[in-house]
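The values are calculated or read from the model by the stated rules, or taken from the named source; none is laboratory data. The shown structure was predicted, so the numbers you read here are calculated from the model rather than taken from an experiment. Ideal geometry is used to build each Cβ from the backbone, glycine not excepted, and the neighbour counts take in all protein chains shown. Surface areas here come from the heavy atoms of the whole protein model, side chains and all, with no ligands, DNA or RNA. Shrake-Rupley method; radii C 1.70, N 1.55, O 1.52, S 1.80 Å.
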Amino acid sequence: MIPFVMMTDNRGQRISVNPEIVQFVRTADNADNECLIVFGKDQLLRVRGTLDEVTDLLRQG
């Protein structure tokens with residue numbers, strides 16, 4: 001079973017993320033409480049949460 005993690009994007013929508021394919025996570029340049037998740041070839045996802053919160057959620061998944 002694929003361990004998807006539920007997160008909230010910058011528009012407030014709930015989305016599921018597969019932590020196994022995440023390449024890296026970094027903080028967003030212009031927002032204190034948002035991060036960018038990079039996965040796949042050129043796929044970028046902006047989610048709510050600090051860097052610590054987002055990486056902890058991904059590690060648990």
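General observations
- Among the conditions (1) closer than 17 Å to Arg59 by Cα; (2) surrounded by 13 or more Cβ atoms within 10 Å (Cβ to Cβ), Ile2 misses just one, which is (2).
- For the range 1-10, a residue qualifies if it is over 17 Å from Leu51 (Cα atoms) and either modelled with pLDDT of 90 or more or in contact with a strand residue (DSSP E or B) (Cβ under 9 Å, 6 or more places away or on another chain) (or both), and exactly one does: Phe4.
- Cβ-Cβ under 7 Å pairs, at least 6 apart or on other chains, the range 35-61 side without any contact (Cβ under 8 Å) to a residue 24 or more places away in the chain, far side open to solvent by 30 Å² or more (accessible area, probe 1.4 Å) and in a loop (DSSP other than H, G, I, E, B): Thr50/Asn33
- Boolean, Thr50 is open to solvent by 40 Å² or more (accessible area, probe 1.4 Å), modelled with pLDDT of 90 or more and β-branched (Val, Ile, Thr): yes
- Conditions (1) at pLDDT below 90; (2) open to solvent by less than 100 Å² (accessible area, probe 1.4 Å); (3) acidic (Asp, Glu); number of the one not met by Glu34: (1)
- Residues being polar (S, T, N, Q) and not in a helix (DSSP H, G or I) - total across the range 38-61: 2
- Among the residues of the range 1-37, just one is small (Gly, Ala, Ser) and assigned to a strand (DSSP E or B), namely Ser16.
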